[in-house]
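Since the structure comes first, as structure tokens, the remarks are kept for the end.
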Amino acid sequence: MNNGGTEMYCRNCETTQFCKKINLSEFGDESYLGDCSNEQRRWSSKYPDLQFFMRGRKCLVCKSEFITVEIHESALQELVRLREIWDDITIRLGDFDKDAFEDLPRLLSLFQYMQKAPQSYDLR
Ligand SMILES: [Zn+2]
């Protein structure tokens with residue numbers, strides 16, 4: 001019995017539960033991500049190719065409320081790949097004091113830029 005909800009993963013319950021759709025307006029403006037053409041169709045202003053469809057949800061078991069987004073599968077694959085790269089970097093850092101590296105995302109983008117940079121580029 002689904003009680004009007006859709007079966008999906010609830011992070012709070014850490015398992016699949018029935019969750020009902022709720023209005024995004026219940027989350028307030030701070031919970032909204034990206035620019036929009038309407039309440040649910042949105043995109044990243046920094047990365048316009050990241051288009052998504054937002055829904056508010058409420059778990060019918062634990063009553064937690066959360067937002068889900070539907071994105072193109074290639075965007076999810078990109079996220080997984082970036083997490084893999086991130087894991088590689090943190091493993092290579094080993095016991096290094098990671099708190100001292102609050103700016104790891106910029107360091108990562110620098111590494112990616114260096115890989116694409118012409119051989120003659122002066123990295124100093
Ligand atoms: Zn739940």
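The values are calculated or read from the model by the stated rules, or taken from the named source; none is laboratory data. Remember, predicted model here, so these are calculated numbers, not experimental data. As a convention, Cβ positions derive from the backbone with ideal geometry for all residues, glycine included, and neighbour counts pool all protein chains shown.
What the table shows:
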{"read-out": "Pair list, Cβ under 6 Å, 6 or more apart: the stretch 8-22 residue more than 11 Å from Leu60 (Cα to Cα), other residue of a type in the set (S, T, N, Q)", "value": "Tyr9/Thr16; Asn12/Ser64"}
{"read-out": "Per-region count, the stretch 49-94, residues within 22 Å of Thr15 (Cβ to Cβ), of a type outside the set (A, V, I, L, M, F, W, C) and surrounded by 13 or more Cβ atoms within 10 Å (Cβ to Cβ)", "value": "7"}
{"read-out": "Cβ-Cβ under 6 Å pairs, at least 6 apart or on other chains, the stretch 56-69 side under 22 Å from Arg41 (Cα atoms), far side of a type in the set (A, V, I, L, M) and more than 8 Å from the ligand (Cβ to nearest atom)", "value": "Gly56/Ile22; Gly56/Leu24; Gly56/Ile67; Lys58/Ile22; Ile67/Met54; Val69/Met54"}
{"read-out": "Given (1) touching a helix residue (DSSP H, G or I) at 6+ places or on another chain (Cβ under 8 Å); (2) surrounded by fewer than 14 Cβ atoms within 10 Å (Cβ to Cβ); (3) more than 30 Å from Leu108 (Cα to Cα), number of the condition Glu26 does not satisfy", "value": "(1)"}
{"read-out": "Yes/no for Leu82 being within 15 Å of the chain's Cα centre (by Cα) and assigned by TED's automatic domain parsing to the domain that holds Leu104", "value": "yes"}
{"read-out": "Condition check for Gln77: in contact with a strand residue (DSSP E or B) (Cβ under 9 Å, 6 or more places away or on another chain) and within 28 Å of Gln17 (Cα to Cα)", "value": "no"}
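Table: residues versus (1) assigned by TED's automatic domain parsing to the domain that holds Gln112; (2) within 16 Å of the ligand (Cβ to nearest atom); (3) within 15 Å of the chain's Cα centre (by Cα); (4) hydrophobic (A, V, I, L, M, F, W, C).
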site	(1), (2), (3), (4)
Cys19	no, yes, no, yes
Leu24	no, no, no, yes
Trp43	no, no, yes, yes
Asp49	no, no, yes, no
Arg57	no, yes, no, no
Trp86	yes, no, yes, yes
Thr90	yes, no, no, no
